[in-house]
Amino acid sequence: MLASADATTVYVCVTCQHAGTTDSEPRPGAVLAAAATKAAEGSGVIVKPIRCLANCTRGLSAAVRCNGSWTYVFGGLDAACGPALVEGARLLASASDGIMPWRGRPQPLKRGLIARVPPINFEELE
């Protein structure tokens, strides 16, 4: 499937591991990326494994973005959170205001929210 420029994308840090753990193979972040990729099959959500979201103290980490929407960074995830990331991406894609709704958001994305970054060209309404 070719990715649309407007496709909702989940970026999963594949170098992530839980704080205080030693190197392991496969890295827990890579396991999370694989789980998210499997959960995204047929959904239209694109999963992109990446190296380091610089959120190491709160790993496992992922970011969810969609053109024209806010970007969400999550941490404190575990390898089973792949479906939650895809569900969050689907919620963001269907949000008319570009904000992932709190209601219906999977629990790991409620408790693991690190930051929300405005879209390019964002202007605060007065």
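Please work out if Leu92 is over 12 Å from Leu60 (Cα atoms) and either surrounded by fewer than 20 Cβ atoms within 10 Å (Cβ to Cβ) or among the basic types (Lys, Arg) (or both). Give the derivation first.
Details: over 12 Å from Leu60 (Cα atoms): yes; either surrounded by fewer than 20 Cβ atoms within 10 Å (Cβ to Cβ) or among the basic types (Lys, Arg) (or both): no.
Judged against the criteria, Leu92 is not a match.
Give the stretch 47-74 a look and list any residue that's assigned to a loop (DSSP other than H, G, I, E, B), of a type outside the set (A, V, I, L, M) and out of contact with any strand residue (DSSP E or B) (no Cβ under 8 Å at 6 or more places or on another chain), or say none. Break it down stepwise before answering.
Here is the first cut: in the stretch 47-74, the residues assigned to a loop (DSSP other than H, G, I, E, B) are 51-55, 59-61, 66-70.
If we keep only those that are of a type outside the set (A, V, I, L, M) as well, we get 51-52, 55, 59, 61, 66-70.
Asn67, Gly68, Ser69, listed by residue number.
Yes/no per residue for (1) of a type in the set (Phe, Trp, Tyr); (2) under 19 Å from Cys16 (Cα atoms):
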residue: Thr37; (1), (2): no, yes
residue: Val64; (1), (2): no, yes
residue: Gly68; (1), (2): no, no
residue: Phe74; (1), (2): yes, yes
residue: Ala84; (1), (2): no, yes
residue: Leu92; (1), (2): no, no
residue: Arg111; (1), (2): no, yes
residue: Arg116; (1), (2): no, no
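Tell me, which residue of the stretch 1-46 that is among the charged types (D, E, K, R) and outside any helix (DSSP H, G or I) is modelled with the lowest pLDDT? Spell out the reasoning first.
First, pick out the residues of the stretch 1-46 that are among the charged types (D, E, K, R): 6, 23, 25, 27, 38, 41.
Remaining after also requiring outside any helix (DSSP H, G or I): 6, 23, 25, 27, 41.
Details: Asp6: 63, Asp23: 69, Glu25: 72, Arg27: 82, Glu41: 95.
The residue in question is Asp6.
From the set of residues in the stretch 102-126 that are exposed (fewer than 10 other Cβ atoms within 10 Å of the Cβ) and in a loop (DSSP other than H, G, I, E, B), which is modelled with the lowest pLDDT? Talk me through it step by step, then tell me what you get.
Quick first cut of the stretch 102-126, residues exposed (fewer than 10 other Cβ atoms within 10 Å of the Cβ) only: 103, 107, 120-121, 123-126.
If we keep only those that are in a loop (DSSP other than H, G, I, E, B) too, we end up with 103, 120-121, 123-126.
Values: Arg103: 91, Ile120: 85, Asn121: 82, Glu123: 77, Glu124: 76, Leu125: 73, Glu126: 66.
This residue is Glu126.
Do we have Leu77 as part of a loop (DSSP other than H, G, I, E, B) and within 14 Å of Gln107 (Cβ to Cβ) here?
On the way: part of a loop (DSSP other than H, G, I, E, B): yes; within 14 Å of Gln107 (Cβ to Cβ): yes.
Yes, satisfied.
Out of Cys52, Cys56, report the one residue that is loosely packed, with under 14 Cβ neighbours inside 10 Å and within 18 Å of Gln17 (Cα to Cα).
On the way: Cys56 fails: loosely packed, with under 14 Cβ neighbours inside 10 Å.
That would be Cys52, the only listed residue that is loosely packed, with under 14 Cβ neighbours inside 10 Å and within 18 Å of Gln17 (Cα to Cα).
The values are calculated or read from the model by the stated rules, or taken from the named source; none is laboratory data. In this text the structure is predicted, and so the values were computed from the model without any measurement. All Cβ positions, glycine included, derive from the backbone under ideal geometry; neighbour counts span all protein chains shown.
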